[in-house]
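A short write-up of the structure that comes next.
Every read-out reported here was derived from the displayed coordinates using simple, explicitly stated rules and does not represent laboratory data. Model, not experiment: these values are computed from the prediction. Glycine also receives a Cβ, built like all others from the backbone with ideal geometry; neighbour counts cover every protein chain displayed.
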Amino acid sequence: MPELPEVETTRAGLAPHLLGRRVLAATLRRSDLRWPIAAEISQLLPGQRILAVRRRAKYLLLDTAAGSALLHLGMSGSLRVLPADTPLRSHDHVDLLLDAASGTGASGHLLRFNDPRRFGCLLWQPSGQDHRLLAALGPEPLPADGEPTSGPDFSGDYLFMLSRGRSAAVKTFLMDQRVVVGVGNIYAAESLFMAGIAPDRPAGKVSRAGYVKLAASVTSILTHAIQRGGTTLRDFISPDGAPGYFEQELFVYGRGGEPCRLCGALLRQSQIGQRASVWCSRCQR
Ligand SMILES: [Zn+2]
């Protein structure tokens, strides 16, 4: 499943091809993905110019004056910018035909949405509103690129304050999208290892200093993953779901029973919040 770094890598890769382009036509080869495709995609989007390509959590937003196309890649979705005459492959569900960069009105390329398992979505967010899927989301773990965000910033103090009195495991707390967005299982496991915090500790029992380390670890690991992902835009999924480029550098995720890379102790594995969790009981307390 694409995680936040892969979605951000996708956004950064698409933006130069989409910014300033006018959508000439929308071709929908089915009426639904995970949910029905919003009627506005075919009714309002054609004729509109793409003014920004943004990411919020794992959603991508194509902003226009009429509103924003809101996309999610789900489990298996991908977006590619292709010459307009590129033959169809299986599961190519949606094309947005774009004008040529010269502004002549001639078609140049298209943005093609492929999604074999159809857990992705293509929805619509009216201008000036937050779609209901975005309304309850916590802060971004990475500094947004010039995007003013409402609500609190992600920091150790923020996590500390929010976690007081909570008995849920700190790993479950960290993966809650209302707390902070985009920290999936891999990145939660690795961040907790880097911060030296056992994933099964009650969130309310982790110190302020612990959360300061944890917030820094989350930001550092996600930033690193995005940098590594920048050169492998589409080949990021390995069979077990770990991003291929990152796999060699994982300290705990997917390594249950293997020796800790820091101290040599055998890594523990258990379910926490119904998610496979691996940690070092010597390095993480
Ligand atoms: Zn260890």
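Tabulated data
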{"read-out": "Radius, Kirkwood style, for the chain when every pair of distinct Cα atoms is counted (Å)", "value": "20.2 Å"}
{"read-out": "Theoretical gain in end-to-end length, F119 to R29 [0.36 nm per residue, Cα-Cα removed]", "value": "30.8 nm"}
{"read-out": "Contour minus Cα-Cα distance for S90 and R208 (0.36 nm per residue)", "value": "37.4 nm"}
{"read-out": "Alpha carbon Rg of region 1-72, scaled by the compact-globule rule 2.2 N^0.38 Å", "value": "1.11"}
{"read-out": "Over region 59-196, equivalent-ellipsoid semi-axes from the Cα gyration tensor in Å", "value": "36, 19, 13"}
{"read-out": "Tilt relative to the chain, helix 185-195 - C-alpha long axis, 0 to 90 degrees, to 10", "value": "40 degrees"}
{"read-out": "In nm, spacing of pseudo-spin labels at S281 and A52 (7 Å Cα→C-beta vector)", "value": "4.9 nm"}
{"read-out": "Under Karplus coefficients 6.51, -1.76 and 1.60, residue-wise ³J(HN,Hα) of region 12-18 in Hz, glycine/proline x", "value": "5, x, 7, 3, x, 7, 9"}
{"read-out": "Percent RCO, i.e. relative contact order, over the chain, from Cα pairs under 8 Å lying at least 6 residues apart", "value": "17 percent"}
{"read-out": "Order by protection proxy (mean Cβ within 10 Å, highest first), peptides 115-127, 4-16, 81-93", "value": "4-16, 115-127, 81-93"}
